[in-house]
1. Hey, can you tell me all the residues within region 22-40 that are acidic (Asp, Glu), surrounded by 14 or more Cβ atoms within 10 Å (Cβ to Cβ) and either at pLDDT 95 or above or farther than 9 Å from Ile2 by Cβ (or both)?
2. Residue pairs, Cβ under 6 Å, 6 or more apart or interchain, first in region 1-17 and within 30 Å of Arg64 (Cβ to Cβ) and in contact (Cβ under 8 Å) with a residue 12 or more places away in the chain, second β-branched (Val, Ile, Thr) and assigned to a loop (DSSP other than H, G, I, E, B). List them.
3. Could you run through region 34-79 and say how many residues are closer than 17 Å to Ser17 by Cα and among the small types (Gly, Ala, Ser)?
4. Filter region 41-63 down to the residues that are surrounded by 10 or more Cβ atoms within 10 Å (Cβ to Cβ) and among the charged types (D, E, K, R), then identify the one that is nearest to Gly10 (Cα to Cα).
5. Being under 18 Å from Ala44 (Cα atoms) and β-branched (Val, Ile, Thr) is the filter here, so list the residues in region 1-32 that pass it.
6. Determine the pairs where a residue that is in contact (Cβ under 8 Å) with a residue 12 or more places away in the chain, located within region 48-63, has a partner that is of a type outside the set (Lys, Arg) and surrounded by 11 or more Cβ atoms within 10 Å (Cβ to Cβ) with Cβ atoms under 8 Å apart, the partner being 6 or more residues away or on another chain.
Amino acid sequence: RIQSLRVRQGPLARRRSLAALGFDMVAREVPASITNLDAADAKALAARISERALRRARAEQLDRWLARAVAATQAGGPS
């Protein structure tokens, strides 16, 4: 499950219309990212991922998610 999602853009990337998506996942200690995306595509992708994550969070009962998250954390894999 995604804890946070952000679109990042430094000055050089901004000039080139590029951006990066950064993810913090519940069962991962190291953040994940996708770099060198077209800035408009990165914003659209972030909106789509956020929408899907919220939809899934609403649909899944907390106890089922918690059991998966604990199991994934103990196994060292993604939730």
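1. Matches in region 22-40: none.
2. What qualifies is Arg1/Val26; Gln3/Val26.
3. 5
4. Within region 41-63, the match that is nearest to Gly10 (Cα to Cα) is Lys43.
5. Ile2, Val7
6. Final answer for the pair search is Ile49/Ile2; Ile49/Leu5; Ile49/Leu21; Ser50/Leu5; Ala53/Ile2; Ala53/Leu5; Ala57/Trp65.
Residue-by-condition table, conditions (1) in contact with a Ser or Thr (Cβ under 9 Å, 6 or more places away or on another chain); (2) closer than 27 Å to Asp63 by Cβ:
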residue: Leu5; (1), (2): yes, yes
residue: Arg8; (1), (2): yes, no
residue: Arg15; (1), (2): no, no
residue: Leu18; (1), (2): yes, no
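The values are calculated or read from the model by the stated rules, or taken from the named source; none is laboratory data. Keep in mind that what you see is a predicted model, and the values were worked out from it rather than measured. All Cβ positions, even for glycine, are placed from backbone atoms using ideal geometry, and neighbour counts span all protein chains on display.
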